[in-house]
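The values are calculated or read from the model by the stated rules, or taken from the named source; none is laboratory data. Note that the coordinates shown come from a computational prediction; the quantities given were computed from them, not determined experimentally. Cβ atoms come from the backbone with ideal geometry, glycine included; neighbour counts cover every protein chain shown.
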Amino acid sequence: MITAAMVKELRERTGAGMMDCKKALMETNGDIEKAIDELRAKGLAKAAKKSGRIASEGVVDSYIHAGGRIGVLVEVNCETDFVAKTEEFKNLVHDIAMQIAAANPEYVKREDVPEDVVAREREVLKAQALEEGKPEKVIEKMIEGRMEKFFKEKCLLEQPFIKDPDKTVQELVHEHIAKIGENINIRRFVRYEVGEGIQKEEVDFAAEVMAQIKSE
């Protein structure tokens, strides 16, 4: 049986993504040393080490949903201008732009979420749990679980990748770091939606984008 503790240990030892660690452990029947070798063979452990290097080159890409109802601009950095001009890097950046259009994240990573936003969300979740009549001793555990869900919905790197939900956007980036051999960093993005903030009939444009991408 693959436990959360085993996955945690493998992540700490290799720096690879959670799903990659879980898959490696499953493929090696829970043997951590063999799983490390598996990740190294795939280049994912090396990718994690590269993630601390400075990435100041890159591209700004855009994605406009059919009819111009949703628009995204995203800046993704790499280490060299050479890599920034490759089709593989450009395709990655475009996939990230589509991800933002479809999944509507608010932040790149959880460290970007302001402390006051986190505190307010915790208070709301606590109030909900109390309203549901949950006992005090389990409320904090429930809040932690729901906060994890909050981060996975709001933070781009923690969202399931729209083209392959078995991996996160962070794991997608790590895979490309391993292939390209350079650090890749999603620096910033902005997403516009027609009529956003104006009282109107609700239209789920994000669901439309998701459906269109899956049909391609």
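Brief remarks on what is shown
- Residue check, Leu130 free of Cβ contacts under 8 Å to residues at least 60 places away in the same chain, in contact with a helix residue (DSSP H, G or I) (Cβ under 6 Å, 6 or more places away or on another chain) and either surrounded by 20 or more Cβ atoms within 10 Å (Cβ to Cβ) or in a helix (DSSP H, G or I) (or both): no
- Screening Ala102, Ala129 for residues that are of a type in the set (Gly, Ala, Ser) and closer than 30 Å to Gln212 by Cα leaves exactly one candidate, Ala102.
- Test result for Glu153, over 17 Å from Met210 (Cα atoms) and of a type in the set (Asp, Glu): no
- Criterion (modelled with pLDDT of 90 or more, in the same structural domain as Asp95 (by TED's automatic domain parsing) and closer than 25 Å to His65 by Cβ) met by exactly one of Glu208, Glu193: Glu193
- Among residues of region 158-186 being of a type in the set (Lys, Arg) and either under 14 Å from Lys42 (Cβ atoms) or assigned to a helix (DSSP H, G or I) (or both), the one that is modelled with the lowest pLDDT is Lys179.
- Any hit, region 27-38, residues being assigned by TED's automatic domain parsing to the domain that holds Tyr192, surrounded by fewer than 14 Cβ atoms within 10 Å (Cβ to Cβ) and either at pLDDT 90 or above or not in a helix (DSSP H, G or I) (or both): no
- Applying the criterion of being within 20 Å of the chain's Cα centre (by Cα) and not hydrophobic (A, V, I, L, M, F, W, C) to the residues of region 59-74, the residue that is surrounded by the fewest Cβ atoms within 10 Å (Cβ to Cβ) is Ser62.
- Taking region 89-123 as the range and being among the aromatic types (Phe, Trp, Tyr) and not in a helix (DSSP H, G or I) as the test, only Tyr107 passes.
- Which numbered condition Lys90 misses (of (1) in the same structural domain as Met210 (by TED's automatic domain parsing); (2) of a type in the set (Lys, Arg); (3) over 14 Å from Val173 (Cα atoms)): (3)
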